[in-house]
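Structure, as structure tokens:
Values quoted throughout were computed directly from the atomic coordinates according to the rules given, and no laboratory measurement underlies them. Everything quoted here is computed from the prediction, not taken from an experiment. In this analysis, Cβ positions are derived from the backbone assuming ideal geometry, glycine residues included, and neighbour counts consider all displayed protein chains.
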Amino acid sequence: MNPREESWQRLVEAARRAPPAGDESAPFGFSARVAALAFDRDRPQAVFGRMAFGAAGVACLFALVAVGVNYTAITGAFEEDSAVAFGDDPVAEVVNLGS
């Protein structure tokens, strides 16, 4: 027998002697406890979640202000006769010819 076959046989014998796997399911009521902890308002994670939603609201407000301040530049970019869009830009001219 070559060394690879011997090591394989030892591994197979060790696997046969291994104890059977037990029940690996979650204990009774585990999902209810996890859900109760997730919705508990007095935990620090809930405070962090409220702060995260507040920060997202502030970020949305900043985005709306940025769009409002730059509204004329945004609408000017989509005008057909804009000098910036179709001036001396060869890529814009090629794209315009294709459409």
*How much length is gained on full extension from T75 to A38, taking 0.36 nm per residue of separation minus their Cα-Cα distance?*
8.8 nm
*So if we plug the beta-carbon distance of M51 and E24 into 1/(1 + (r/R0)^6) with R0 = 25 Å, what FRET efficiency do we get, rounded to 0.05?*
0.10
